[in-house]
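The values are calculated or read from the model by the stated rules, or taken from the named source; none is laboratory data. Computed from a predicted model, the values in this text were never measured in an experiment. As a convention, Cβ positions derive from the backbone with ideal geometry for all residues, glycine included, and neighbour counts pool all protein chains shown.
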Amino acid sequence: MQLANQTFYFAVFIILVGLMARFLANKDDDRSQFRVIYWPAGLSFLAASMLGFATAPWGGMLVLALANIFLIAALANISLLFSCWNESLQRSSKVAAGTLFGGASAIYIYLQFFGETKDRIQLMDIVLIIFCIWQIVALSQLLKKDNAYQIKVLLGVEFIQLGARIIRSLLALNEVDYPGTLYHESGWAFVMRITSILAIATICILITNYYIEKLWHEYRRSSRAIEDGMLNSLNVLSMVRDNETGNHILRTKNYVRALAERLSSSGAYANELSKRDIENIVKAAPLHDIGKVGIPDTILKKSGSLTDEEWQVMKTHATLGQDVLTAAKLKDALDTDVLDAAIQIAGCHHECWDGSGYPRGLKGKEIPLPARLMSLADTYDALVNERVYKKKWSHEEACLEIARLKGLRFDPRIVEAFIFEKDNFLRISELYRDSI
């Protein structure tokens, strides 16, 4: 039985050391996830406790006493950690945890000299039950704010630990001749003690998993914020160089959303138009003309019609835009869906369904779907708004022209979606119309 106990505690110790190694292996900047000292402190005390239980048969009663005191300290720190998570940690909580730890440690040391094994086990069970109840209350409060699965599982494990400690305490009360050392206990008492320790180890694994997931979400949010900032900067740069207004950006991105959502609801291109896909395309839409940053002002801002030579230069903005955005894409970046959509839109939104477009003469579904959506949205906006080279068309005239170009310039399915959404297009164009 002694060997089984020692092997078990050594195994738990190794697990806890692994969790601590994971923490120590992080770069300093990443340790912000562990900025609450109660977690590394609790993990350290718990690892020391398990090592103490494993070596107590060799180290004697002093090592066993330290192991139990370290266990109390570990549970106290984890209780404070959970209180910190649900933002209920106050000075009184710290005082209560410190008082409980100090009082239980002092009583345990007294019982070490003047009490029996049964008394010390009862003390430990009572103290750990109190901390377990504390943790259950804190996690229950946290669950109202954070519905993470780890919190739910933690609550379940805490109830298992609580039940195991209560049963073990009751068993100790009913024992007439309790063994001189816990290493010689058998039956249900042994099972409940092992269950309780396994529950504590599981709690530590779940806490680590929770921290890792929170850190990943924080990284994703930061990554998206950086991406949004970069895309917005490029968008502003494009608008500074182009004659288009900010309202043109608002109109076209809303046209694209209307078309994409209509197609999605009808079941067309379902595999390419999930909710997230649509959001990525809408976010990428404002960058469709980013390539115009490379077009000379003499052409870009010319008040009259372009010559054939100038038009050939103007057409290069699609390739330039694709190159600019491709250069902005980091080689090892993982989440680049918005930038990928922007690259497709910038490079291909002047391609035509029948292959007569530019810059590569792509045809049909060779043209990426985001670019096909942008093509119709951009054309409609160009038609119904005045340009230096043309008068604005009426909404009805624009609708007839787009219908005429079905299967020529535009994807037939997208034109069909436009017909259903044409009233919405008119509403958007009026909502974000340019100031006169």
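In this structure, is I37 within 24 Å of D146 (Cα to Cα) and modelled with pLDDT under 90?
When the stated conditions are applied, I37 passes them.
Could you list all residues from region 107-148 that are of a type in the set (G, A, S) and part of a helix (DSSP H, G or I)?
Across region 107-148, the qualifying residues are A138, S140.
Residues A48, A56: which one is in the same structural domain as S169 (by TED's automatic domain parsing) and modelled with pLDDT of 90 or more?
A48
Among the helices (runs of 4 or more DSSP H) contained in region 187-292, which hold 3 or more residues that are at pLDDT below 90 and not assigned by TED's automatic domain parsing to the domain that holds M314?
188-241
Can you tell me which of (1) outside any helix (DSSP H, G or I); (2) crowded, with 16+ Cβ neighbours inside 10 Å is the one L306 doesn't meet?
Exception for L306: condition (2).
Could you tell me whether I133 is over 14 Å from I200 (Cβ atoms), surrounded by 13 or more Cβ atoms within 10 Å (Cβ to Cβ) and assigned by TED's automatic domain parsing to the domain that holds I69?
yes
L80 fails exactly one of the following numbered conditions: (1) in contact with a Ser or Thr (Cβ under 8 Å, 6 or more places away or on another chain); (2) surrounded by fewer than 24 Cβ atoms within 10 Å (Cβ to Cβ). What is the number of that condition?
Of the numbered conditions (1) in contact with a Ser or Thr (Cβ under 8 Å, 6 or more places away or on another chain); (2) surrounded by fewer than 24 Cβ atoms within 10 Å (Cβ to Cβ), the odd one out for L80 is (2).
So if I check each of A371, A417, A398, A377, which one is among the aliphatic types (A, V, I, L, M), in contact (Cβ under 8 Å) with a residue 12 or more places away in the chain and either over 20 Å from H248 (Cβ atoms) or touching a Pro at 6+ places or on another chain (Cβ under 8 Å) (or both)?
A417
Condition first: buried (at least 20 other Cβ atoms within 10 Å of the Cβ) and not small (G, A, S). Now tell me which residues in region 281-303 satisfy that.
I281, V282, K283, P286, L287, H288, D289, I290, K292, I295 - these are the residues of region 281-303 that are buried (at least 20 other Cβ atoms within 10 Å of the Cβ) and not small (G, A, S).
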